[in-house]
Each structure stands twice: as structure tokens, then as C-alpha cells.
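What follows is a short report on a single structure.
Since every read-out is calculated from the coordinates, none of them should be taken as a lab result. This one's a predicted model, so the numbers in the text were calculated from it and none came from an experiment. Backbone-built Cβ (ideal geometry, glycine too); neighbour counts: all protein chains shown.
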Amino acid sequence: MWDQNKQKLGVTGHRGCKAYMPENTLISFREAFRLGVDVLEFDIQLTRDDVMILMHDDMVDRTTDGTGAVCFKTLEEIKGLDAGVKFGYPGTRVPTYDEALAMIAEESAPEMILNVEIKEQRPHVVDVAIEGLKRYGLLERSVIASFDAQTLLYVQDNYPGVKTQGHPPVKMKRYDPRVLERMYGMGVPMKMTDEEIEETVKLADSYGIEAWAYHADDRASAERCMKFEFTNITANDPHDLIAYLDEIGRRVGK
């Protein structure tokens, strides 16, 4: 029987260390490695010339000094943007998927899991993402995430054995209940009420799906997570969450 007093939790670095580093950048990932995150989460999209880059938003405006949609920009144009100047790290560039995977393969702990979130709803993007993970020997320790159920079904149907992570049914686009049958993880937003979280975690458990909380960046939110049967917490500030879980002896492997 589950005992919240013995609960051990892993920590996911959300886009690296989003709270205080330029998100989805190599310097943010290296800081996450230094902290010893259990999972590294990042987002991928394609440029106009079909090159995979790391970017959460459809637009470059929030995270760089540029403007406009990612899909209308070439890689050369993306590389001309500064992804760190707004966050105190001028000169930081948007990495390509290959650049990020090469660095992860070389520098990350071999037990660290990758949570690769696909932002677009095209099968081609899935194919490119998985091919990249294969090329760098990272597929076996990766989980493909999406808010789009049809994207996850495509992964499940065409790449059996590749882990997928979705979200509660009410949060997913183009929802199909079949997606739950082969889902590995379910991201559960802490913006839900306690009652909604409890029901969602029960749903995940009924399918043998791991329930992952997001986001918890302070002690109060971490303590709230411990009321439920989560196995992992995604944090914008993994530094503080790791320190707290270590302090109270609730960190996986500690």
C-alpha cells in the first residue's frame, strides 16, 4: 500500500532550469546536469528549412530578441537570434536538436531520462525526433511527450516499445482513449484542484501509468505533491526542489 511518508520522488528539469536560465538552451541543460536532475525535459520544433531546433513557443518573441513564427524562419535566421539576452546570458543561441543531443550524449549522466516534447502535430516531426535519438544512442532512455493524443498514437503504433507521455484526457487535443493503453507517463498539472488531481492519478494508476506532477518550485507546492501518488515532479527551479527533497529524505536514490 502507498505510504506518502515513504514516498520517493524524481525531479525533472523543465526546459533545463527555466526559472533562472534561458530555457531550452545548452547552458540551461548543463546547469540541470550539475544539479543532478533525474529527467531533462525540452521542446522541439522545425524551422522553415526543416531543421529541428529547441523551442517551446510557436513564436520566437518571448525567449529571444527576435519576432515571428519559428516555422517561417530558416535555421540561419534562428541562429542569428539571441536566446539569452532577456535572461542575463547574452550571446546564448538557440540550439539545434542535433547540437543538444550530441551534448546530452557526451555530458549527461547515463541514467538521466530525456522527456522530449513534440509541439507540432505532424508525423514527420515524430520521425525526425526518434531518428535523432537513435542516432545518438539515446532512444532507450527517452520518453516522447505531447499534448496531442494522435501524435502519441502515431508513436505507439509505429515505434512499439518507445515510451510516451501524455496528459489527463481533458488536457489533450484530438483525444482518443486508446492512447492510455500504452502510455508510460501522465503529466498532471498542479493547477488542478486536489479532487481533480486525485481522480487523475487514480485514472493513471488504473492503466499502470506513472503520474508526474508539474510544476512545483517551492516547499509548499512540493508538500502538496506528496499528498498524491506521484513518482516525479517537474520543476522550473530544480535547484530548490532537489535541495528540499534531499533535506527531507524524499529524493529517488537518496
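Some notes on this structure:
- Neighbour-count ranking [beta-carbon atoms within 10 angstrom, fewest first] of GLU23, GLU131, GLU41, GLU210: GLU131, GLU210, GLU23, GLU41
- Helical contribution to [θ] at 222 nm, DSSP H n ≥ 4, -39,500 (n - 2.57), averaged over the chain, rounded to 500: -9000 deg cm²/dmol
- The range 191-237 and the range 131-153 have Cα centres separated by 22 Å.
- Each Lys or Arg adds one and each Asp or Glu takes one away; over the other residues whose Cβ falls under 10 Å from the Cβ of GLN165, this sums to -2.
- Under 30 Å, Cα to Cα: Lys pairs in the range 1-102, sequence gap 8 or more or different chains: 6
- Here's the picture: charge each Lys and Arg Cβ at +1 and each Asp and Glu Cβ at -1 in the chain, and of LEU101, VAL39, TYR175 the one pushed furthest to the positive end of that dipole is VAL39.
- Computed from point charges on the beta carbon alone (+1 for Lys and Arg, -1 for Asp and Glu), the dipole magnitude for the range 10-186 about its Cα centre is near 340 Debye.
- Neighbourhood charge, 11 Å Cβ-Cβ cut-off, centred on ASP82 and excluding it, Lys, Arg +1 and Asp, Glu -1: +2
- Bridging of LYS163 to lysines at a Cα separation below 21 Å is possible for LYS119, LYS134, LYS171, LYS173, LYS202, once same-chain residues fewer than 8 apart are set aside.
- According to the Kirkwood relation over distinct C-alpha pairs, the hydrodynamic radius of the range 160-254 is 14.0 Å.
- Overall form of the range 118-213 per C-alpha gyration tensor (a/c, 1.5; a/b vs b/c): prolate
- Largest first, the extents of the alpha carbon coordinates of the range 61-108 on the three principal axes equal 32, 26, 15 Å.
- Taking the three principal axes of the alpha carbon atoms in the range 10-186, the coordinate ranges are 45, 35, 31 Å, sorted in descending order.
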